[in-house]
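Okay, so here's the structure we're looking at.
The values are calculated or read from the model by the stated rules, or taken from the named source; none is laboratory data. Computed from a predicted model, the values in this text were never measured in an experiment. Cβ sites come from the backbone with ideal geometry, for glycine too, and all protein chains shown count toward neighbours.
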Amino acid sequence: MMRASIGTLAVLGLRNIHMSAVPTTAYLMTGDRCTGDCAYCGQGRSVAGDHNYLSRVTWPEVREEQLIAALTAHPGAFRRICFQTTASRGVLRQLLLLVPRVRQASGLPVSVSYRVTRDDEADQLFAAGVERIGIAIDCCSESLYSSVRGGRLAESKALVTHLAARYPGRITTHLIIGLGETEREAAELILELRRCGVLVSLFAFTPVARTRMEHRSPPALISYRKLQFLVGVLDAGGGEVLDITYGDGGRIRSFGLSEARMRSMVQEQFMFVTHGCAGCNRPFYTEAPGGIMFNFPSVPGDTAAREINEFIDGLKQDGFVFQDSGDASAAAGNTRVFR
Ligand code: SF4
């Protein structure tokens, strides 16, 4: 028995639910009760009761044979397969058996979100047909890392950057924004990881019932948007020069770009859609339908212009400095240039 996200099962005709947006990746989950105890995760060992949730999504059980048959019967339903895993015994062995079967049934690229601890584990996964491995760093703050996730940020970073050097273009990481980090901590980590060739995928913290962080709030939307903009610019690879300055409380105060330039960049490439492995859109993973849309599953044709206006207005209200406002050098000494 394994699990699949409820949206994945609906696309495969194994559940009948209404969906406001359809997943373009089949999200599967394998592994038993997690031995980890992240303060924000509904799969953690100290979370009592229902373990059917990861973020806001329910993951019903499904028989492996049923899943393989459904994938075979629905060619073209997805663009990618993604395995989420819990930290539990036997997960690697399970993945090594499942990945070839799922690949054969679907013909799709496979991502695996799995905490590789040795190079030979990654070797085995790639040999089994995995295209990309995701190793979640999650928390962007060294000072918070041990309390919210356990371990040290430096160690997670070293693991991810080592693997990115060994397997260029095949390593993804997830960062959760809103765990208490500053924008500066998140931005600096994103810059460092991108320089090492790691694909960064952002999640907005979402409070999950019965976790230690169930009463915390999601991040401020403008903070999240600034970081999405940063990731979008870096991944677009257009040679844009960013001159990032930080203000009080580690807030991103400027990207060294004019208002017109920032506006046109978001118009050219709407950076507020889910960003990750190609084909991954994670609909409503961290959003309630009708609530704040941190990650759009696709470009919202009817509201994109409004979102862009709200982004620019939100920056102004946040004290953000555009290059053409004559105050861009105010935070000199905090500057980082990235091309
Ligand atoms: S970015 Fe999407 S497809 Fe890639 S590992 Fe993360 S959830 Fe899976």
Residues within the stretch 288-339 that are more than 26 Å from the chain's Cα centre (by Cα), at pLDDT below 95 and not in a loop (DSSP other than H, G, I, E, B), tallied: 3
Keeping to the stretch 268-286, report how many residues are over 27 Å from Val130 (Cβ atoms) and either among the charged types (D, E, K, R) or within 12 Å of the ligand (Cβ to nearest atom) (or both). 1
Can you give me the number of residues within the stretch 215-244 that are in contact (Cβ under 8 Å) with a residue 60 or more places away in the chain, closer than 21 Å to Leu199 by Cβ and charged (D, E, K, R)? 3
Look through the stretch 131-150, keep the residues that are under 29 Å from Glu65 (Cα atoms) and of a type outside the set (A, V, I, L, M, F, W, C), and return whichever of them is surrounded by the most Cβ atoms within 10 Å (Cβ to Cβ). Gly134
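Does Gly291 count as surrounded by 17 or more Cβ atoms within 10 Å (Cβ to Cβ), away from the ligand (no atom under 16 Å from the Cβ) and small (Gly, Ala, Ser)?
So Gly291 does not fit the description; no.
How many residues does the stretch 88-128 contain that are assigned to a loop (DSSP other than H, G, I, E, B) and either more than 22 Å from the chain's Cα centre (by Cα) or more than 16 Å from the ligand (Cβ to nearest atom) (or both)? Quick ask: steps written out before the conclusion?
Of all residues in the stretch 88-128, those assigned to a loop (DSSP other than H, G, I, E, B) come to 88-90, 107-109, 114-118, 128.
Among the residues that remain, those that are also either more than 22 Å from the chain's Cα centre (by Cα) or more than 16 Å from the ligand (Cβ to nearest atom) (or both) are: 88-90, 107, 117-118, 128.
Here the count works out to 7.
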Pairs needed: first member in the stretch 77-91, more than 14 Å from Leu12 (Cα to Cα); second member anywhere, near the ligand (Cβ under 10 Å from one of its atoms) and among the aromatic types (Phe, Trp, Tyr); C-beta distance under 6 Å; at least 6 residues apart or different chains. Cys82/Tyr27; Thr85/Tyr114
Of the residues in the stretch 109-130, those that are surrounded by 19 or more Cβ atoms within 10 Å (Cβ to Cβ) and free of Cβ contacts under 8 Å to residues at least 40 places away in the same chain come to Val110, Val112, Tyr114, Leu125, Val130
Pairs returned, first residue in the stretch 13-29 that is under 19 Å from Gln84 (Cβ atoms) and part of a strand (DSSP E or B), second residue that is more than 16 Å from the ligand (Cβ to nearest atom) and of a type outside the set (A, V, I, L, M, F, W, C), beta-carbon separation under 6 angstrom, 6 or more apart or interchain, are none
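Of these, Asp235, Asp248, which one is acidic (Asp, Glu) and either in contact with a helix residue (DSSP H, G or I) (Cβ under 8 Å, 6 or more places away or on another chain) or buried (at least 19 other Cβ atoms within 10 Å of the Cβ) (or both)?
Asp235
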Consider only pairs whose beta carbons are under 8 Å apart and that are at least six residues apart or on different chains; among these, list those whose first residue lies in the stretch 283-301 and is farther than 17 Å from Leu227 by Cβ and whose second residue is of a type in the set (Asp, Glu). Pro300/Glu307
The residue from Asp138, Asp120 that alone is over 29 Å from Met213 (Cα atoms) and at pLDDT 95 or above is Asp120
In this structure, does Val22 turn out to be surrounded by fewer than 16 Cβ atoms within 10 Å (Cβ to Cβ), closer than 18 Å to Thr274 by Cβ and in contact with a Pro (Cβ under 8 Å, 6 or more places away or on another chain)? yes
